[in-house]
Amino acid sequence: MRTKKEISEIKKLFLEHFEKPTTELKFKSPYELIVCVMLSAQCTDKRVNLITPSLFTEFPDIFALSNANLASLKILIGSCSFFNNKAKNLIKMAKAVVENFNGEIPLNEKDLMSLAGVGQKTAHVVLIEWCGANFMAVDTHVFRVSHRLGLSTAKTPELTEADLTKIFKTDLNYLHQAMVLFGRYICKAIKPKCEECFLYEVCDSKDKILRK
């Protein structure tokens with residue numbers, strides 16, 4: 001594991017290179033945000049942004065979504081991975097919000113996680129992006145980056161999140177999104193762009209490509 005000095009330097013570099021970053025998902029309300037985040041599981045933000053304009057035209061609010069026809073919803077999100085389960089969970093989520101929260105998306109971790117299809121990561125992303133909450137969320141990019149940088153050796157996203165929360169403590173919302181973008185565009189799973197990486201000098205990953 002990294003020393004406190006090394007962790008502080010990595011944190012500083014992330015915050016310097018990604019100034020208050022935000023998600024690439026496009027949304028205008030907590031309702032649109034939670035739908036986008038649910039759709040984004042194992043699917044690219046780019047794909048989600050292609051799907052949602054027609055989706056939100058057809059179902060402009062939580063009440064409309066709660067009354068959605070399952071088959072119609074599946075057609076609208078059909079190009080999204082796991083669209084069958086996501087369609088079912090979106091309707092269940094919407095019904096629960098209408099019935100239990102007066103049609104308002106709850107903005108706390110416990111209530112969000114009570115909704116169908118909303119796990120810890122989804123709840124945290126909603127709170128990070130809408131509320132600026134000091135939470136970490138671990139997707140495939142954050143998981144890869146944190147392990148390549150020696151910030152965690154945990155085997156699961158949940159335990160990795162706990163490690164990152166413990167070592168970084170503050171600015172977790174910005175660090176989460178910085179690590180997402182870093183993993184998406186620089187520290188990629190295949191052929192990472194090590195030649196342009198601002199963390200090159202502090203990286204000891206076996207996947208590191210040495211500069212010429």
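The values are calculated or read from the model by the stated rules, or taken from the named source; none is laboratory data. Every value quoted in this text rests on a predicted model; they were computed, and no experiment measured them. Using ideal geometry, Cβ is built from the backbone for each residue, glycine included, and neighbour counts are taken over all protein chains shown. Side chains are part of the model used for accessible areas, which takes the heavy atoms of the whole protein and leaves out ligands, DNA and RNA. Shrake-Rupley method; radii C 1.70, N 1.55, O 1.52, S 1.80 Å.
What the table below lists for this structure:
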| quantity | calculated |
| --- | --- |
| Condition broken by residue 122, with the remaining ones in (1) without any contact (Cβ under 8 Å) to a residue 24 or more places away in the chain; (2) surrounded by 15 or more Cβ atoms within 10 Å (Cβ to Cβ); (3) assigned to a helix (DSSP H, G or I); (4) out of contact with any Asp or Glu (no Cβ under 7 Å at 6 or more places or on another chain) satisfied | (1) |
| Within the range 1-62, helices (runs of 4 or more DSSP H) holding 3 or more residues that are in contact with a Lys or Arg (Cβ under 8 Å, 6 or more places away or on another chain), at pLDDT 95 or above and surrounded by 15 or more Cβ atoms within 10 Å (Cβ to Cβ) | 30-40 |
| The range 186-198 residues that are surrounded by 12 or more Cβ atoms within 10 Å (Cβ to Cβ), paired with ones that are of a type in the set (D, E, K, R) and outside any helix (DSSP H, G or I) (beta carbon under 7 Å, 6 or more apart) | 186/193; 192/207; 194/208; 194/211 |
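Residues checked against (1) modelled with pLDDT of 95 or more; (2) part of a loop (DSSP other than H, G, I, E, B); (3) open to solvent by less than 10 Å² (accessible area, probe 1.4 Å):
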residue	(1), (2), (3)
93	yes, no, yes
97	yes, no, yes
107	yes, yes, no
110	yes, no, no
130	yes, no, no
133	yes, yes, no
137	yes, yes, yes
146	yes, no, yes
152	yes, yes, yes
